[in-house]
Amino acid sequence: MDKQTSYSDTLRERVLSRLGLLVIYLVVFFSYLSRSPDTATFIGMFPKSVSETDLLSTFDFTVFSFLEFGLLLSLGQPQSYLLEDNWLVYIRRRRGAERYIRYIGLVLLYALLYSVPQLFIMWGLMPQTRSLGSLADFVCGLWMLIVLLLVADAIASAGNRIVGFLVSTVLAYAYSGLSDVQHLLLGHSLAHLPNWIPILAISTVLILIINYQFYKRSEIL
């Protein structure tokens, strides 16, 4: 009974925390839509109108908010599931690959549940934004969020959740506010594809490998 009560309390706290964060983020989201009625850029895409000669950072608060609230709203649940102990198992053994695959599915599902409604709302309220360009922006923003979630989880699996969040925050700022990073991601160097595709693809693979190594080392106590 105590365990059920504890679980109910935890669930209630998570719901309330998410609602509080979501209310704040919705203010940012709809503020973005109200002041940018003609843009076809998805809210999670870094600024594109950066001059090649501009050496100053062009920080975009809405892009940063998209990533940061995406990180916060997860409440670290995918990583908690990954390292969750199974108290019904009496033989200690290394955690299996199946759970890690399910963890990847959870990260992807969470990122989609967070991002897809925003795309549909934007398309519904601003029909002029329904284009392949905004869809590509959506993929970029979604993918970057997934990378940040994986980075935060990998460092948390290594033993420090706070450092994981801070590193992800620094990466989110670089994506949202450093013109050199934005120019690099927008450049084209492979089959006329924007650089953010191979960069995010390689980053995803590397982070998944690193995270899996930490995952394998965690024993069921």
>> Given the condition within 16 Å of the chain's Cα centre (by Cα) and touching a residue at least 60 places away in the same chain (Cβ under 8 Å), answer yes or no: does some residue in the stretch 181-188 qualify?
In response: no
Quiz item: Is at least one residue of the stretch 188-195 closer than 18 Å to residue 146 by Cα and part of a loop (DSSP other than H, G, I, E, B)?
Solution: yes
Item checked: Check on residue 109, open to solvent by less than 60 Å² (accessible area, probe 1.4 Å), part of a helix (DSSP H, G or I) and of a type in the set (A, V, I, L, M, F, W, C) -> no
Only unsatisfied item for residue 220, checking (1) open to solvent by less than 70 Å² (accessible area, probe 1.4 Å); (2) closer than 27 Å to residue 76 by Cβ; (3) at pLDDT 85 or above, is (3)
Regarding residue 152, is this residue under 12 Å from the mean Cα position of the chain (by Cα) and either assigned to a helix (DSSP H, G or I) or closer than 22 Å to residue 48 by Cα (or both)? yes
Those residues of the stretch 159-178 which are open to solvent by 60 Å² or more (accessible area, probe 1.4 Å) and small (Gly, Ala, Ser) amount to 159
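The values are calculated or read from the model by the stated rules, or taken from the named source; none is laboratory data. On a predicted model such as this, the values are computed, not experimentally measured, just so you know. Glycine gets a Cβ as well: all are built from the backbone with ideal geometry, and neighbour counts include every protein chain shown. Side chains are part of the model used for accessible areas, which takes the heavy atoms of the whole protein and leaves out ligands, DNA and RNA. Shrake-Rupley method; radii C 1.70, N 1.55, O 1.52, S 1.80 Å.
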